[in-house]
Every structure is written in C-alpha cells, then in structure tokens.
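Below you'll find the structure, written out as structure tokens, and then a few comments.
The values are calculated or read from the model by the stated rules, or taken from the named source; none is laboratory data. Since the model is a prediction, treat every value here as computed from it, not as a measurement. Reconstructed Cβ throughout: ideal geometry from the backbone, glycine too, with neighbour counts over all protein chains shown.
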C-alpha cells in the first residue's frame with residue numbers, strides 16, 4: 001500500500017509539473033500572438049481611423065443629420081467615436097489590454113469578432129471556433145489514424161522482407177514525404193476533380209447539404225477523400241520507412257531469436273517481441289508527425305476549402321479580425337499541448353522501463 005501511495009504522489013507531482021510547464025509555454029505563445037496580431041498596438045491606430053471613417057460616413061448618409069450645423073454634427077460624431085473607443089478600450093495602454101486579452105484568451109472568453117460570424121449568425125468568437133473545430137478534428141483524426149495503422153501493418157510486413165522489391169520501393173519513395181500535404185492536394189484536385197471528375201474539388205458536403213442522414217454521410221466521405229489522400233500520401237512512406245527500421249533492429253535481438261528457437265508462432269513473435277518494445281518510439285514519431293500536420297492545417301484546408309480551423313484562421317488574417325486570430329491560435333496551442341501531455345503518459349504505459357521522475361520500481 002505504501003508503494004502504491006508513493007507512486008500516486010509521484011504521478012500527481014509529475015502531472016502538475018508537466019501541466020505547469022505546458023501552461024507557461026502556451027502562455028508565452030499566445031501572448032506573442034496577441035502582440036504580433038496587434039502589431040505592438042499599431043492595429044489600434046488603424047482601428048481608430050476605421051471607426052472615425054465609419055462614423056463620418058454614417059452621419060453623412062443619414063438625412064436626419066443634414067439640418068444640424070457643422071459644429072453639432074462634429075460633436076455628435078465625436079460622441080459616437082468616444083463610445084466605440086470606450087467599448088473597445090482603445091483609450092487604455094496596449095500593455096494593459098494585452099495582459100487582459102491573455103487572461104481572457106486562456107479562459108476561452110474570447111469576446112466578439114470584429115468582422116466574422118458563425119453560420120448561425122453569432123458574433124461570439126467561442127461559437128465561431130466551436131462551429132469549425134469538429135471539421136478539423138474529423139479530417140485530421142481520420143487521416144492520422146489511417147496513416148498510423150497502415151504504417152504499422154506495412155512496416156511489420158516489410159521488416160520480414162528486408163531487401164525485397166516492396167522494401168526497395170518504400171525506401172525510394174520515402175523522400176517524397178518532404179513535400180507537404182497541400183502540395184499533393186493540388187495535384188489530386190487537378191487529376192481527380194477535373195481531369196477524371198470522380199471526387200469534389202473542395203468543401204465538406206454538397207450544396208445544399210443532403211437532408212437524409214446516410215446521404216449526408218456519403219457526401220461527407222466523398223468530400224473527405226481527396227484531403228485525406230493528400231495527407232496520407234505525404235506521410236505514409238516516411239512513416240513506413242522509419243518504423244520498419246525500428247522493427248528490423250528489434251527483430252534481430254537475442255530474445256526474438258530465442259522465441260523463434262522455441263517455435264512460437266510468427267504472429268505472436270511480431271506482436272509481443274517486436275511490436276510491443278517498439279511502440280514507444282513509434283508513438284513518439286506519430287505524435288510529432290501529428291504536431292507537424294496541425295501546423296499545416298491552414299494551407300491544406302484552404303486548398304480544399306475545408307471549413308475547419310485552418311480556413312477560419314486564414315480568413316481571420318484576411319479580415320484582420322484580431323479576436324478570431326487569437327482564439328484560433330489558442331485552440332491550436334491547446335491541441336499541441338494536449339498532444340505533448342498525452343505523449344508523456346503513453347511512455348509510461350507502453351514501456352515499463354520508463355519511470356516517472358526517475359523513480360525506481
């Protein structure tokens with residue numbers, strides 16, 4: 001019992017320390033995003049000019065203000081400008097507002113978008129992001145799970161056929177993974193959406209969306225085919241090559257040779273004596289690849305017009321919608337932090353040799 005309590009205390013301490021370290025990393029990244037998105041406060045000056053122009057145009061276009069004197073119109077315009085400045089807190093120093101923005105962003109209290117809105121018409125940044133997040137998770141989750149399981153199966157098979165034609169083909173194609181997924185996406189669109197029109201060129205479902213549930217699912221699968229294929233092609237060969245190398249190294253260990261000498265089934269040897277010891281580096285490689293794919297979401301989703309977080313961030317940058325930019329970066333930061341945090345625990349689960357905080361068993 002005392003050993004269990006000691007392990008639980010060690011696990012709790014490790015968890016708190018890792019969460020704190022990741023929190024600090026996310027804080028720094030989000031604050032830098034706030035500063036960059038506002039250009040150190042320069043965007044506030046542009047926003048003030050925009051407010052002045054909008055108020056002046058509103059007054060000039062409204063016939064009700066035509067009978068006012070120039071002094072009265074200027075006074076009214078200044079009152080409206082002051083109200084907007086107070087609402088946006090542009091009268092406060094940027095350093096003060098940036099810290100407050102950081103606090104609100106970390107709590108996902110992201111306020112209202114300046115230009116954008118959700119499909120339901122909401123201007124709340126939280127609602128806009130929540131509306132787009134499932135599309136990104138669906139697309140990238142499907143592609144990465146497909147890459148993971150196919151790579152493991154193919155790498156295990158190639159490790160038993162070292163030097164074969166299939167093995168040499170994978171080695172030759174491994175450098176093709178240097179090209180990002182959106183690069184392959186462009187060629188897939190040209191080939192399978194225009195030359196041989198088998199799949200849609202972009203979007204998430206047909207327009208208008210099918211009302212029947214099964215028809216909607218079929219349309220979703222057709223629209224997912226090309227972006228998933230692009231991510232699959234950009235990752236599969238380097239993954240197979242890397243993991244096949246791990247399997248080759250472990251398949252020559254003495255305990256594997258001993259298991260073969262005992263006459264154990266080949267499937268059991270691959271699963272228990274080759275696959276299990278290599279799961280830690282394989283999962284590490286997979287999650288690091290996943291982090292890289294998160295960073296490429298903006299371009300990939302834009303190429304396929306996929307209505308996810310990447311497209312949202314691209315549009316927000318075009319509109320200079322600072323709250324949406326910051327909110328999107330916060331969500332991506334949380335996704336990356338959760339990936340890294342999960343990796344630490346998978347080490348301990350998959351490899352009994354790993355001890356939290358260097359504790360002894």
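When both residues are 6+ apart or on different chains and their Cβ atoms are under 9 Å apart, which pairs have a first residue that lies in the range 42-62 and is at positive phi, and a second that is exposed (fewer than 13 other Cβ atoms within 10 Å of the Cβ)?
none
Which members of the range 242-261 meet the condition of being touching a helix residue (DSSP H, G or I) at 6+ places or on another chain (Cβ under 7 Å), at pLDDT 75 or above and surrounded by fewer than 21 Cβ atoms within 10 Å (Cβ to Cβ)? Steps first, answer last, please.
Quick first cut of the range 242-261, residues touching a helix residue (DSSP H, G or I) at 6+ places or on another chain (Cβ under 7 Å) only: 242-244, 246-248, 250-251, 255-256, 259-260.
From what is left, the residues that are at pLDDT 75 or above are 242-244, 246-248.
Correct list: 242, 246, 248.
Let's see how each residue does on (1) farther than 30 Å from residue 249 by Cβ; (2) outside the structural domain of residue 88 (by TED's automatic domain parsing); (3) free of Cβ contacts under 8 Å to residues at least 60 places away in the same chain:
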{"position": "115", "(1), (2), (3)": "yes, yes, no"}
{"position": "119", "(1), (2), (3)": "yes, yes, yes"}
{"position": "156", "(1), (2), (3)": "no, yes, no"}
{"position": "159", "(1), (2), (3)": "no, yes, no"}
{"position": "162", "(1), (2), (3)": "no, yes, no"}
{"position": "167", "(1), (2), (3)": "no, yes, no"}
{"position": "188", "(1), (2), (3)": "yes, yes, yes"}
{"position": "212", "(1), (2), (3)": "yes, yes, yes"}
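Exposed (fewer than 14 other Cβ atoms within 10 Å of the Cβ), modelled with pLDDT of 80 or more and not assigned by TED's automatic domain parsing to the domain that holds residue 335: which single residue out of 103, 60 fits that description?
103
Going residue by residue through the range 78-87, is there one that turns out to be at pLDDT below 75 and surrounded by 13 or more Cβ atoms within 10 Å (Cβ to Cβ)?
So far as the range 78-87 goes, no, none of its residues is at pLDDT below 75 and surrounded by 13 or more Cβ atoms within 10 Å (Cβ to Cβ).
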